[in-house]
Structures are given as C-alpha cells and as structure tokens.
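Here the structure is laid out as structure tokens; the discussion comes afterwards.
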Amino acid sequence: MHLQAFSLFPSSAGNVLFFVRHHLYKGKSHIRIGMDGKFVGGQFSPKKLRGGRRCFSRSIGGASISCSNSMGKDLYVPSNEKIINARLIYAVAPAMGHNQESHPESNFRVPAIVNALEKMELTPKIRGSEIIELHNIKPASVDDIASVHARAYVSGLEKAMDRASQEGIIFIDGSGPTYATSTTFHESLVAAGAGITLVDSVVAASKICLDPPVGFALIRPPGHHAIPKGPMGFCVFGNVAIAARYAQRVHGLKRVFIIDFDVHHGNGTNDAFYDDPDIFFLSTHQDGSYPGTGKVDEVGHGDGEGTTLNLPLPGGSGDIAMTTVFDEVIVPCAQRFKPDIILVSAGYDGHVLDPLASLQFTTGTYYTLASNIKQLAKDLCGGRCVFFLEGGYNLDSLSCSVADSFRAFLGERSLASEFDNPAILYDEPSTKVKQVIQRVKHLHSL
C-alpha cells in the first residue's frame, strides 16, 4: 500500500496530520487518524474554520437545533417568567449520527434516558413549569472548543469529516476505542453547546431567584477523557472543561468546582486544569480502571497544586463508600475552595449492573449524589450547578439512575427500590475504602 503524508493545517500548536489506511471491516471502508498528527493519503476540501458560535436548524432525536446568525441569547435561554418557577432544566443532544455498531458508547444511550423520563412522567409535558427542556441549542464555536483543545486537533477533525463521509468510520489511533463518523464534528459541537447553553440558563436563573434550577446536559459523545491535544476513550471534546472555561470567560465565574463521579478517571479534565488554581477538579473512580491515571498523589502542579484531588476507590465500593467520600472529602473540599459554580461529570457506569467496571453503586447511590450536590451548590454558590452526562452503558441502569437524579433535583422521593436488587450486592471493602480516604485527607489537609 502506498501512503503519502502531508500537512492539513498549519497552527501554532504544530502541523496536524492524520494517518489514513484503507481496509475492509464488515464490508465497510475505514479511515485511521493518528493522534500524533499525521495524515496519510487522500486529500480534503478545506472548509472555512468557524470562529464565532453559529446555529444550525435541524432535528436530532428530538432536539431542535435552531438557525440564527444573531449572537443574542434570547433564542436559547428561557425567559425569566419560565425560569423562575423551574426546578430542573435539561437539554438533549443524542448525536444519532455518531454511532458504531455494537460499540458500548452508542446512539441508543440518550434515547433510552429520554424514553424513561417520558415513561416516568418527568418531562415538561406532565410537570409543566417545574421542568424545562431546552429546544434551542447553539453549537459551541471553534473558539469555545479551543479554550481547552489545540486548534490543530479541532481543525484537523473538522477536515476529516469530508473524508469520513466518503470512506466510513474513522478510528483514532492511540485514543482507546474512540471512533468518529461524518457527523461527529458537528454533533460534538452541539453536545458542548448544550452544556454552554445550560450554563447560560442556570446563571440567568440565579440572578432572579434564590433556588435556581439544576441543569442537566443529556449529551454525547461524552467528554471527560478527551485531552487537550486530542480525543480519547470514547470522548471527542471535553464538554465539562469547555463549559468551565466558558463560565469563567463569559460570566466571570472565576472559581469552578468540578466533581467527576464516573467509574473511570476523567484524565482529560484533570490534564486541562492541572496547573490552574481557579478550577478544582475532584474525581472518584475505580482504582486500576481505564485509563490507569488518577492516582492519589496526582494533586496538581505549580500554581494548581492542591486543586486536583483524585480518589481511586477499590473494586466493590458502593453506596456506603460514596456517602463517606461525599461527607468527608467532597464537602470540606468544596467549602474550602468557595466555588462560584459547580459542574458535574455525571457518569453512571459505576452502577453494579454496568458491564464496564466493578463498583457497586445503585440507583439509590446516584439519587443521593444528585440530592447532595444540589444542596452543596445551594449552600456555596447560589445554586449554580450543571450536570453533564458521561458514561453509563447498561441502558436500564443508566436510564433509571438519571431519572432518579431528576427526582432528586425536584425534591421528590427516590424510586430506586423499584429497580435496585439488594440481593446481588456483596460486602464492600470497607477497610481499603477507609485507608484511601484517610490518605487523601492527609494529602489535602482535610
């Protein structure tokens, strides 16, 4: 096979090049893109790189993406009359075109959640003004994405879409099992834009009421593994990291507290803010799980030393462990940091039924987390809080757990007992959990 390398896009971050190989896989022609930046073979028709945030008109699995050249926010943020009575505001961006057959991070995930919300009567159609669904989502701009990611990566991925539409699925070398299709770039902008729009909405609400609604971005692709230089571990753009930078830049919310309770370490978010004293990143995750990062002694660097906290939980940890972590680690950290807003990487793959890990979280665990984080935001930062969907690959446990999180935001009782089966749980490794918590508390002077 003859391969020819050439530069795609000159940038201060370096030339972005991609590796492309043609091969057959289940009857499809595929492209390979290398994270080291080199593109081999073929040629793209470059499109103009977009700088400002623009909007597109299309329907994606129920989310209406409106088209407007206006930079005003009125189209995207609910009116004061609507928002003042709301307790929950959410956006749906399911990325239906970003899909690979039999891949765990599939386009079935968000629709499964939406179906559960409808079945359990947790939508505006039934609940009226206390729940708002955003129907107008402005995709993030390239500038928004570039506040976290290298422009070379962003422009290179955009250019690769033309080739993907001709050749099929793109596999990204060195990024774990991360794929892209011809719609991935746009749908990833929409996902990040949904989070940004929710930040706008929650901040607007906090200015007119003491108990603003919690925001929840039901989006994919997920984001917390995406590193500044590229994608990783199912993730394309760092949605929560992009929202954090946006909150600082646009709303003047200088101090951002990020909680990541996905079963896997949020290495991308970790790396993005590792030397930043104004963004506190706190991750709980299963020890030894993908991607192998997130050790206790990873605490930040330089000016950011002490504003990264990693707590790897031993396999088998469950509700008791997470409750203890929240009370003894998360709350005192947040109180000391004094955030202006709390953002949450909400991964539901720690559930005991999830196939990709071995923690013992239950639907009830996620209800308690959602309720406690909402209260924490109310106590510390005027209630400003936005959740971002990350992992969760058993569709039943994912959808039921998100639905119970919604109930927590609404102040309603949990229905976890109707789904959870205590008979499948076993004793948690309490001694190991206590040891890691004590080590973290010692390192961070808690």
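The values are calculated or read from the model by the stated rules, or taken from the named source; none is laboratory data. Since this is a predicted model, take the numbers as computed values, not measurements. When we count neighbours, we look across all protein chains shown, and the Cβ atoms used for this are built from the backbone with ideal geometry, even at glycine. Ligands, DNA and RNA are excluded from the accessible area calculation, which covers all protein heavy atoms including side chains. Shrake-Rupley method; radii C 1.70, N 1.55, O 1.52, S 1.80 Å.
What to note about this one:
- In order through segment 203-209: 3J(HN,Hα) via Karplus (6.51 cos²θ - 1.76 cosθ + 1.60), integer Hz, x for Gly, Pro: 5, 4, 5, 5, 7, 10, 8
- Charging the Cβ of each Asp and Glu at -1 and of each Lys and Arg at +1, and nothing else, the dipole of segment 284-336 about its Cα centre rounds to 60 debye.
- On a per residue basis, segment 73-205 carries 33 Å² of accessible surface, using protein heavy atoms and a 1.4 Å probe.
- In this structure the amide hydrogen of Q360, modeled in the peptide plane, comes within under 5 Å of the amide hydrogens of G316, S317, G318, none closer than 5 places in sequence on its chain.
- Annotation for H442 and V250: the two label points, set 7 Å from Cα along the Cα-Cβ direction, are 4.4 nm apart.
- Here K432 is the anchor, and the aspartates and glutamates within straight C-alpha reach of less than 17 Å, apart from those fewer than 8 places off in the same chain, are D287, D297, D319, E328.
- Remark on D275: its backbone amide H falls under 5 Å from those of H301, a criterion applied only to residues 5 or more positions apart or on other chains, H modelled at 1.01 Å from N.
- Given R0 = 30 Å, the distance between the Cβ atoms of D143 and I208 translates into a calculated FRET efficiency of 0.55.
- DSSP-loop chymotrypsin sites (Phe, Trp or Tyr not before Pro) across segment 355-404, with at most 16 other Cβ within 10 angstrom: none
- Within segment 252-324, trypsin sites (Lys or Arg not before Pro) in DSSP loop having at most 14 other beta-carbon neighbours inside 10 Å: K254, K295
- Nearest-0.05 FRET efficiency for N115 and N421, computed from C-beta distance (R0 25 Å): 0.70
- Taking 0.36 nm per residue of separation and subtracting the Cα-Cα distance, full extension of the segment from R336 to R127 would add 71.6 nm.
- Taking 23 Å as the limit for the C-alpha separation, the pairs K338/K434; K338/K441; K138/K159; K159/K229; K254/K378 exceed it in the case of K338/K434.
- Projected label distance in nm at E305 and E412, using a 7 Å step from Cα toward the beta-carbon: 4.9
- Loop-located GluC sites (Glu not before Pro) in segment 74-179 (DSSP state not H, G, I, E or B) with no more than 13 neighbouring Cβ atoms inside 10 Å: E101, E121.
- In a fully extended conformation the segment linking E101 and N80 would gain 3.3 nm over its present Cα-Cα distance, using 0.36 nm per residue.
- Segment 279-409 - percent of accessible surface contributed by carbon and sulfur, probe 1.4 Å: 48
- ³J(HN,Hα), Karplus 6.51/-1.76/1.60, whole Hz, each residue of segment 264-280, x for Gly, Pro: 9, 5, x, 4, x, 5, 3, 5, 4, 10, 5, 10, 9, x, 9, 10, 9
- Carbon + sulfur, % of accessible area of segment 134-195 - ligands and nucleic acids excluded, 1.4 Å: 50
- Average accessible area per residue (Å²) across segment 292-419 - probe 1.4 Å, nucleic acids and ligands excluded: 31
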